[in-house]
Amino acid sequence: MNESFSKLKFAYAFALFILLGVVGAVLSLIVEDYIILVSVLGILYIILLIILLNVFHKYIKPVQVASKTMGELLKGNYRARVHHPFNGSIGDLSRKINELARNLSELSINEQMQADQLKTVIDNTESGLVLIDEKGYIHLVNRKFLSMFGGRQRDYVGYLYYDVMHQTEIHRTVQETFLYEENVKKSITLEKDRRQIYIEVVGAPIFTDRKLLKGAVLAFYDITDFKNVEVMRKDFVANVSHELKTPITSITGFAETLLDEGLSNPDINRQFTEIIYNESKRLKVLINDLLTLSKLEKEGFALSYSDTYLLQIVNEVLPAFKQKIAEKDIVVETYIEDSIHLKADREKLKQILINLLANAINYTPEQGKIKIQAIENETDVHVMISDTGIGIPPDVTHRIFERFFRVDKARSRDTGGTGLGLAIVKHITELHGGKVFVESKLNKGSTFTVMLPKNLDK
Ligand SMILES: Nc1ncnc2c1ncn2[C@@H]1O[C@H](COP(=O)(O)OP(=O)(O)OP(=O)(O)O)[C@@H](O)[C@H]1O
Ligand SMILES: [Mg+2]
């Protein structure tokens, strides 16, 4: 800037010099004294130079400074300001330019803030987002999308969607969104860490103010959890129907036979009636277990906590098994200090013990041994029920608490099992804020441990 100023000054000084040369030449025709002529010209030159410099500093330089500042503003440098203290209308212009610069700077900060906020929202939203223009080029992908599909921003942005997204369902979503100019919904599955992930894709068209199609937003929702719940629900319904079907078929079959031919034969009569009775008992147990589970699962289900002495509960439960224990000649040992107590739902805690003891007795051969122990620390009580029974194969141990899961369906059904006992145990334990797990060795025995928080402040 200073360089251009000095060039300009030099040009003005040179022009003045030429002008004075011309004036001198004219004057030399009038004034004869050479000294007077040079003095007049010298003084004239100095006066004109002073006037010119004054004009330059007052009018030309401020305009140049203002124009330079405007140039910076146009380039987007909103921090540029006119720093020279000018007066008059030029000063006014400078102040207005500075004010304009301040406003622009504020606007740009606000715009930046809004852009940052929008970016934060887009990046932290729980669904994947992709912005595609009307030609099919990707302009934006967010973090969730990258976590679903892998890759980095630069692997997508600037590319045609069908070159970088390979699922045909996604292509169809985009095409139909553009074609019908309305929201389109499809679903796709992805394989991630050897797990199936279900994703719902929604394409939504974007329009200009004049209702012209400008592009589309694709939103990707991870619906794996919903899908799994749906699958579980379907499985559950199928399992329940199957479990109900077996005793009902049996009851209907035997009742039909009885009606057709058995009524005259007292032996068959009794035998079949017994079968019908046993099967209906099974049905009752199954329905009771299902009701228990559905009650436990009901939203708003509340446990009724009371101070509960563990040994007392065990002693209340054991007599119910007395006959079975005696029949199988099983030894039951209890190691529980009578001081161990916790806040729990008494009836539900009983249910846990009943289910675990019933299993221990059912799945332990004659002359086996069952131990009921409890230990406590400051916050929890651990109840362990171990047996010397048939044990659980290691490959299915993790499934043992699933509804209707039975290692040996036929055998468990013989003992009247529905496969819901441990699911109920797990549910009740978790409602108390506790955990249940099993350690087992095939043909050696199993230990079920229920960890319950004492909840003494409840
Ligand atoms: N102590 C145990 N020893 C060996 N296997 C066991 C033991 N406890 C449970 N199991 C296995 O786990 C399965 C599931 O147990 P669960 O108590 O849920 O159902 P169940 O005993 O078959 O029927 P019920 O619903 O009447 O209790 C059983 O069928 C059995 O195969
Ligand atoms: Mg059981």
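Among the listed residues LEU420, LEU456, LEU431, which satisfies the condition of being away from ligand 2 (no atom under 16 Å from the Cβ) and within 16 Å of LYS348 (Cα to Cα)? Lay out the reasoning, then the answer.
On the way: LEU420 fails: away from ligand 2 (no atom under 16 Å from the Cβ); LEU456 fails: within 16 Å of LYS348 (Cα to Cα).
Of the residues listed, the single one that is away from ligand 2 (no atom under 16 Å from the Cβ) and within 16 Å of LYS348 (Cα to Cα) is LEU431.
The rows are residues; the columns are (1) open to solvent by 40 Å² or more (accessible area, probe 1.4 Å); (2) in a loop (DSSP other than H, G, I, E, B).
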residue: LEU258; (1), (2): no, no
residue: LEU286; (1), (2): no, no
residue: ASP289; (1), (2): no, no
residue: ALA302; (1), (2): yes, yes
residue: ILE313; (1), (2): no, no
residue: VAL317; (1), (2): no, no
residue: LYS324; (1), (2): yes, no
residue: VAL332; (1), (2): yes, no
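Does segment 60-82 contain at least one residue that is over 30 Å from ASN103 (Cβ atoms) and touching a residue at least 12 places away in the same chain (Cβ under 8 Å)? Talk me through it step by step, then tell me what you get.
Start the filter on segment 60-82 by keeping residues that are over 30 Å from ASN103 (Cβ atoms), which leaves none.
Scanning segment 60-82, I find no residue that is over 30 Å from ASN103 (Cβ atoms) and touching a residue at least 12 places away in the same chain (Cβ under 8 Å), so the answer is no.
Got a number for residues in segment 128-161 being surrounded by fewer than 17 Cβ atoms within 10 Å (Cβ to Cβ) and among the hydroxyl-bearing types (Ser, Thr, Tyr)?
So the count comes out to 3.
For segment 65-91, give me each residue that is assigned to a helix (DSSP H, G or I), open to solvent by 60 Å² or more (accessible area, probe 1.4 Å) and at pLDDT 85 or above. Break it down stepwise before answering.
Here is the first cut: in segment 65-91, the ones assigned to a helix (DSSP H, G or I) are 65-74, 88-91.
When the remaining residues are screened for being open to solvent by 60 Å² or more (accessible area, probe 1.4 Å), the result is 67-68, 70, 74, 89.
If the condition is that a residue be assigned to a helix (DSSP H, G or I), open to solvent by 60 Å² or more (accessible area, probe 1.4 Å) and at pLDDT 85 or above, then SER67, LYS68, MET70, LEU74 are the ones that fit.
Have a look at ILE400, ILE390, ILE424 and point out the one that is closer than 26 Å to ASN239 by Cα, touching a Pro at 6+ places or on another chain (Cβ under 9 Å) and not assigned by TED's automatic domain parsing to the domain that holds PHE236. Write out each step before concluding.
Details: ILE400 fails: touching a Pro at 6+ places or on another chain (Cβ under 9 Å); ILE424 fails: touching a Pro at 6+ places or on another chain (Cβ under 9 Å).
The conditions single out ILE390.
Looking at ARG403 and the list (1) at pLDDT 95 or above; (2) near ligand 1 (Cβ under 9 Å from one of its atoms); (3) basic (Lys, Arg), which single condition is not satisfied?
(1)
If the requirement is being in contact (Cβ under 8 Å) with a residue 60 or more places away in the chain, basic (Lys, Arg) and away from ligand 1 (no atom under 15 Å from the Cβ), which of these qualifies: LYS295, LYS322, LYS343, LYS281? Full working, then the answer.
Working: LYS295 fails: in contact (Cβ under 8 Å) with a residue 60 or more places away in the chain; LYS322 fails: in contact (Cβ under 8 Å) with a residue 60 or more places away in the chain; LYS281 fails: away from ligand 1 (no atom under 15 Å from the Cβ).
Going through LYS295, LYS322, LYS343, LYS281 in turn, just one is in contact (Cβ under 8 Å) with a residue 60 or more places away in the chain, basic (Lys, Arg) and away from ligand 1 (no atom under 15 Å from the Cβ): LYS343.
Given LYS245, LYS211, which one is at positive phi, without any contact (Cβ under 8 Å) to a residue 60 or more places away in the chain and over 27 Å from the mean Cα position of the chain (by Cα)? Step through it out loud before you land on a result.
Values: LYS245 fails: at positive phi.
After applying the criteria, what remains is LYS211.
The values are calculated or read from the model by the stated rules, or taken from the named source; none is laboratory data. Just so you know, these numbers come straight off a predicted model, no measurement behind them. We place every Cβ from the backbone using ideal geometry, glycine too, and count neighbours over all the protein chains shown. Calculation scope for accessible area: heavy atoms of the full protein, side chains included, ligands and nucleic acids excluded. Shrake-Rupley method; radii C 1.70, N 1.55, O 1.52, S 1.80 Å.
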